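My questions all concern the structure below.
The values are calculated or read from the model by the stated rules, or taken from the named source; none is laboratory data. All values reported here derive from a predicted model rather than from experimental measurement. Note: ideal-geometry Cβ built from the backbone for every residue, glycine included; neighbour counts use all protein chains shown. Surface areas here come from the heavy atoms of the whole protein model, side chains and all, with no ligands, DNA or RNA. Shrake-Rupley method; radii C 1.70, N 1.55, O 1.52, S 1.80 Å.
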Amino acid sequence: MKHATGMARHVRLALACGLLGWAALGQAQDGRWEDQPRQPEASEIKPLADKAIVNDLKRAGDRLVAVGERGHILLSDDGDKWRQVQAPVRAMLTRVTFVDDRNGWAVGHDGSVLRTTDAGESWELRHWDAAWGRPFYDAIFTTPERGLVIGSNGRMLRTEDGGQSWEEVSNEVFDTGFHLYEIERLDGGALMIAGERGFLARSLDDGESWQMIEPPYIGSYFGVIPVGPHSAVLYGLQGKVFRAIDVRELTILDDPMAYDPFINESVTDPQMLAAMGWQAFENPVVESLFGGSLYEDGGAGTLVLVGVDGTIVSGSADQAQLAPVQSPTDQPLSDVIVQAERLLMSSRTGMQTAGKPQ
């Protein structure tokens, strides 16, 4: 399962905590700026790494894998006890994703892309770009060899060989320069990207071409949750949550470069939203939402979304209505996984748990 303007995320959590830093060039002893970019350093094993910032967590079979600040990578078999493994970088890691039980990828600052083939026990650095100095925010792979990474200022890279080589993806949609926060594949095969300042994009041909979607809301979107074959729920700033009824039928912007979030306006009228292919959720909470999950309980399933100040909201995906859930913390929450009868959530101070919404 798989989200502020002008800031870089992980906006799941890094945005909320203001932790995103642009890489700076080192200064030589004689006062001149060094010409050579910084080289990657292996992470340090810290006794309290499980109490520090965690930006994302995912399942790798029966194992849980989490990533966060200073290259921290944490593993757990139950969500209660965590152990840190070494990473080849000390950069903030923003997202982790798995193709199957063993093959996974983590991305983060300084253009970091890491690969594991053993369910997170060990990691190889497959991309590093301190000269660029900006973060990747998400990755999606269809096989252990073939995938895309996305990040700051509209950057997207493609690999066909497991990260041995990378190709810049060029498209006028990404020339807009907006940060790309999350990419998801819907059950029907379409790809969808959520980004800053209302940026939304889709691909109906496995990433070969992209179209910019006319957004219902001009603020930033931090996440995408597939719901059924061609539908998706998007969430972001100010607690805004929308459902794309059919991603294939959404209104497309013919000229992406003409889109201006300072001029364009958000749409609030339900009939106008429906004509564009959207439905707005009722949400009494106006705090920004950074992570979410969908779990099956009959019907279209139940959504759980988390965000600023320990915010947790939940509701049926097909009823477009959310309600607050009691939270164990007032710290920003960045992601959530449903475990049996509880929620496991990553946060600014490690992992948090709460009861599963009924």
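Restricting the search to region 105-131, which residues are out of contact with any strand residue (DSSP E or B) (no Cβ under 7 Å at 6 or more places or on another chain) and either within 21 Å of residue 63 (Cβ to Cβ) or of a type in the set (Lys, Arg) (or both)?
117, 118
Go through region 62-92 and report how many residues are buried (at least 17 other Cβ atoms within 10 Å of the Cβ), of a type in the set (S, T, N, Q) and closer than 22 Å to residue 109 by Cβ.
Qualifying residue count for the region: 1.
Going by what's in this entry, would residue 316 be described as among the small types (Gly, Ala, Ser), touching a Ser or Thr at 6+ places or on another chain (Cβ under 9 Å) and surrounded by fewer than 17 Cβ atoms within 10 Å (Cβ to Cβ)?
yes
What's the number of the only condition in (1) basic (Lys, Arg); (2) surrounded by 22 or more Cβ atoms within 10 Å (Cβ to Cβ); (3) farther than 25 Å from residue 225 by Cβ that residue 95 fails to meet?
Unmet for residue 95, out of (1) basic (Lys, Arg); (2) surrounded by 22 or more Cβ atoms within 10 Å (Cβ to Cβ); (3) farther than 25 Å from residue 225 by Cβ: (3).
Mind checking which residues of region 320-358 are of a type in the set (S, T, N, Q) and surrounded by fewer than 23 Cβ atoms within 10 Å (Cβ to Cβ)?
Passing the criteria: 321, 326, 327, 329, 331, 339, 349, 352, 353, 358.
Here is a list of conditions, (1) within 29 Å of residue 289 (Cα to Cα); (2) at pLDDT 95 or above, and residue 122 meets all of them except one; can you say which number that is?
(1) is the only condition that residue 122 fails.
Mind telling me which of the residues 195, 162, 147 ends up being closer than 27 Å to residue 40 by Cβ, over 20 Å from the mean Cα position of the chain (by Cα) and open to solvent by less than 20 Å² (accessible area, probe 1.4 Å)?
162
Looking at (1) crowded, with 21+ Cβ neighbours inside 10 Å; (2) out of contact with any Ser or Thr (no Cβ under 8 Å at 6 or more places or on another chain); (3) not β-branched (Val, Ile, Thr), can you tell me which one residue 153 breaks?
Unmet condition: (1).
Let me confirm something: among 222, 136, which residue is within 24 Å of residue 273 (Cα to Cα), among the aromatic types (Phe, Trp, Tyr) and open to solvent by less than 20 Å² (accessible area, probe 1.4 Å)?
Step by step, each of 222, 136 is checked, and only 222 is within 24 Å of residue 273 (Cα to Cα), among the aromatic types (Phe, Trp, Tyr) and open to solvent by less than 20 Å² (accessible area, probe 1.4 Å).
What is the one condition in (1) among the basic types (Lys, Arg); (2) crowded, with 17+ Cβ neighbours inside 10 Å; (3) farther than 17 Å from residue 41 by Cα that residue 115 does not satisfy?
(3)
Among the residues of region 117-128, is any β-branched (Val, Ile, Thr), within 21 Å of residue 66 (Cα to Cα) and part of a strand (DSSP E or B)?
No, that holds for no residue.
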